[in-house]
1. Add +1 for every Lys or Arg and -1 for every Asp or Glu among the other residues with Cβ under 10 Å from the Cβ of LYS161, and state the total.
2. Percent of accessible area on segment 4-45 owned by carbon and sulfur, 1.4 Å probe?
3. Which ³J(HN,Hα) values in Hz, rounded to whole numbers, follow from the phi angles of segment 18-31 under the Karplus curve 6.51 cos²θ - 1.76 cosθ + 1.60, where θ = phi - 60° and Gly and Pro get x?
4. Karplus couplings for segment 234-248 from phi (6.51 cos²θ - 1.76 cosθ + 1.60, θ = phi - 60°), rounded to Hz, Gly and Pro as x?
5. Report the label-to-label distance for ARG184 and ARG42 in nanometres (one decimal), using points 7 Å from each Cα along the Cα→Cβ vector.
6. If r is the Cβ-Cβ distance from VAL93 to TYR235 and R0 is 41 Å, what FRET efficiency results, to the nearest 0.05?
7. Need the list of lysines near LYS140 for cross-linking: C-alpha distance under 24 angstrom, and skip anything on the same chain fewer than eight residues off.
8. Which ³J(HN,Hα) values, rounded to whole Hz and listed in residue order, are derived for segment 33-47 from phi using the Karplus coefficients 6.51, -1.76 and 1.60 in 6.51 cos²θ - 1.76 cosθ + 1.60 with θ = phi - 60°, glycine and proline given as x?
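The values are calculated or read from the model by the stated rules, or taken from the named source; none is laboratory data. Just so you know, these numbers come straight off a predicted model, no measurement behind them. As a convention, Cβ positions derive from the backbone with ideal geometry for all residues, glycine included, and neighbour counts pool all protein chains shown. Please note that ligands, DNA and RNA were not included when accessible areas were found on the heavy atoms of the full protein model with its side chains. Shrake-Rupley method; radii C 1.70, N 1.55, O 1.52, S 1.80 Å.
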Amino acid sequence: MPSPFPGMNPYLENPEFWSEVHHLLISILAETLNPQLLPKYRVAIEKRVYQMNGDDALLVGIPDVTVEHSRTPINQNQSNVAVATPPSTPVTVTVPVPLEFREGYLEVREVTTKEVVTVIEVLSPSNKRPGKGRETYLEKRQQVLASRTHLLEIDLLRGGKPMPVSGDNIQGSYRILVSQCDRRPRADLYVFNLQDLIPTFPLPLRTEDTEPIIDLHLLLDRVYDRAGYAFAIDYNGEPLPPADPTTAEWIEFATID
């Protein structure tokens, strides 16, 4: 059963589904691209691991009763020895336990040399919010942009802050950045909204090679169908994050049976 939207399905951005969508999308990208690239190139799934605390600040609990122990040896014959009062019933507290995050991405490698030719990133919510996830990603992004490796960056999330680029005067909900190493600092930015078709775009490779064209809409439809999202999504509710009133009206019309 196909998605009811002509382009991106905003209900897939819901945190309940996005982690799975992210995993399935990078998997199907690798599955689709490898037959077109072999035997010269191979697409490999890699992961970035980092730790961060939750969004809310967590405090280490401080006991309600503290006992100061004397450094003077206690004389058992003394009758005026101070006895510490046992603490009352313990209180449940929360300590800041770091959470481990694993983000998948793709690397297009030359089979003979193992050299990374292109990095393919599908952004996660943590990449677009302030904190460790964004800092870690921006550091990796800058390393790629300073190298001889191409970068393909796919942003299918309306929420959060977009990745930094210069000369971008076009407003849009979704972005695809194709940065070829031999054209930097120039790059191609595809910007589109919920009502738009998702544009097709090339996968940058070596200059002498034919670049495959990626049809992201087709791949998302495959993810939607294989994962059974038609049966998991409640189209009577609002997508997350919520849309503006005009777009919300369009969404309601698009999801009418």
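1. Neighbour charge sum, excluding LYS161 itself: +3.
2. For segment 4-45, the apolar C and S fraction of the accessible surface comes to 57 percent.
3. With coefficients 6.51, -1.76 and 1.60, one gets 4, 4, 5, 4, 4, 4, 5, 5, 5, 5, 6, 4, 4, 4 Hz.
4. 9, 7, 7, x, 7, x, 10, x, x, 9, 5, x, 5, 5, 4
5. 2.6 nm
6. Efficiency, rounded to the nearest 0.05: 0.50.
7. LYS47, LYS114, LYS128, LYS132, LYS161
8. Listing the rounded values in order: 7, 4, x, 7, 9, 5, x, 6, 10, 9, 8, 10, 8, 10, 9 Hz.
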